[in-house]
């Protein structure tokens with residue numbers, strides 16, 4: 001189809017196939033190392049480096065990177081863990097901080113020159129994190145309320161007249177145990193896929209418009225829009241990392257507190 | 001195996017590719033191990049130390065404040081004691097001065113009285129002496145006068161009797177007290 005389009009000299013709009021990258025090392029299969037894999041490992045290393053450089057030898061009076069990372073951890077601690085879960089949330093600050101920064105770094109790869117590929121537009125890491133979150137909040141719930149107590153508090157929320165349970169219980173079951181991980185990873189991935197597509201379209205489009213004298217004037221707004229959207233995507237990256245983390249906290253908090 | 005090949009093909013953007021799942025897991029494990037092994041322990045230790053330090057500083061400040069309060073109270077007490085002491089000393093000095101004044105006054109009065117008494121005594125003695133002298137002189141004058149008048153001397157017994165009678169008369173007439 002692409003070939004057909006370019007044969008007709010139209011704009012070959014980039015589609016979701018730009019997310020597919022060829023194997024650089026290894027064969028096509030489970031051990032294929034492509035750009036995405038390299039960026040995943042890079043995101044992990046960057047995340048670890050940020051934390052380790054900041055906190056390896058922390059000083060009581062924070063400076064530089066330690067200051068920045070402390071502000072982030074402080075934000076996760078006060079703005080997410082304590083705000084959403086309460087005092088019990090303190091135990092989850094390390095996990096929530098790790099998730100927040102890892103997702104944020106993966107998202108921000110979208111606007112890092114030379115990389116310009118949001119790792120989380122591939123669903124692998126969001127899926128892994130969502131599955132982990134699913135296990136975490138269910139284990140926490142079982143530990144806090146006991147197996148039966150937890151399932152009862154999820155499926156039969158108190159304060160509901162009993163005939164309503166016919167409706168509520170299946171909905172609660174599907175939404176808590178089935179849909180939560182899906183919505184969690186799809187929300188993150190879809191946002192990053194959309195952002196990446198939009199940026200690609202406008203940058204590729206700028207190049208395309210520059211190709212003919214007639215369309216050069218249209219390259220300027222296209223480029224301006226691409227630059228503006230890059231800023232917007234930074235905002236989206238932070239926002240999606242925040243949403244992913246705060247939803248994790250909400251799920252954990254819901255498992256800890258019987259009534260929510 | 002069939003599922004893995006479908007996943008690896010990555011046809012659907014929502015389905016994660018197998019290789020990406022595997023390396024994504026490795027990446028996440030790197031993050032978790034790196035952070036929980038090399039970052040969070042020292043961060044936790046630092047935060048605990050910071051908390052302890054701030055708490056220590058606050059406790060120290062509290063101790064210092066309490067000490068200052070104690071010293072101030074002591075100082076105030078001492079000041080009050082000093083004021084009492086000074087009041088007492090002033091009071092005592094006043095009492096001593098008063099006593100001294102009274103003593104001096106009494107002594108002066110006594111001296112004055114004794115001086116007056118002595119003077120009176122002297123006056124009385126002088127008067128008696130003068131009176132005695134006068135009496136002798138008057139007697140002699142009277143005898144002489146009488147001798148001249150009578151022309152003859154009276155014998156000594158009559159003479160003395162006359163003088164005494166005269167003097168008594170003079171004394172009772174000229175001086176009521178005698």
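Computed from the coordinates by the stated procedures, all read-outs in this text should not be read as laboratory data. The shown structure was predicted, so the numbers you read here are calculated from the model rather than taken from an experiment. When we count neighbours, we look across all protein chains shown, and the Cβ atoms used for this are built from the backbone with ideal geometry, even at glycine.
Identify all residues within the stretch A:50-90 that are within 12 Å of chain B (Cβ to nearest Cβ) and under 16 Å from residue A:140 (Cα atoms); write none if there are none.
A:90
Considering only the stretch B:27-48, state which residues are more than 7 Å from chain A (Cβ to nearest Cβ) and under 18 Å from residue A:37 (Cβ atoms).
Passing the criteria: only B:29.
Which one is nearest to the other protein chains (Cβ to nearest Cβ) among residues in the stretch A:106-127 that are more than 14 Å from residue A:19 (Cβ to Cβ) and outside any loop (DSSP other than H, G, I, E, B)?
Filtering first and then ranking leaves A:127.
Where in the stretch A:147-260 are the helices (runs of 4 or more DSSP H), entirely inside, with at least 1 residues that are surrounded by 13 or more Cβ atoms within 10 Å (Cβ to Cβ) and within 18 Å of the chain's Cα centre (by Cα)?
On the way: elements: A:147-155, A:165-173, A:180-210, A:216-256.
Fully inside the stretch A:147-260 and qualifying: A:180-210, A:216-256.
Being surrounded by 10 or more Cβ atoms within 10 Å (Cβ to Cβ), in a helix (DSSP H, G or I), over 39 Å from the mean Cα position of the chain (by Cα) and more than 14 Å from every other protein chain (Cβ to nearest Cβ) narrows it down to one residue among B:83, B:76, B:127; which is it?
After ruling out the rest, the residue left standing is B:127.
If you check residue A:73 against the conditions, is it in contact (Cβ under 8 Å) with a residue 40 or more places away in the chain, under 18 Å from residue A:46 (Cβ atoms), surrounded by 14 or more Cβ atoms within 10 Å (Cβ to Cβ) and in contact with a helix residue (DSSP H, G or I) (Cβ under 8 Å, 6 or more places away or on another chain)?
Values: in contact (Cβ under 8 Å) with a residue 40 or more places away in the chain: no; under 18 Å from residue A:46 (Cβ atoms): yes; surrounded by 14 or more Cβ atoms within 10 Å (Cβ to Cβ): yes; in contact with a helix residue (DSSP H, G or I) (Cβ under 8 Å, 6 or more places away or on another chain): yes.
Considered against the rule, which asks whether it is in contact (Cβ under 8 Å) with a residue 40 or more places away in the chain, under 18 Å from residue A:46 (Cβ atoms), surrounded by 14 or more Cβ atoms within 10 Å (Cβ to Cβ) and in contact with a helix residue (DSSP H, G or I) (Cβ under 8 Å, 6 or more places away or on another chain), residue A:73 comes out as no.
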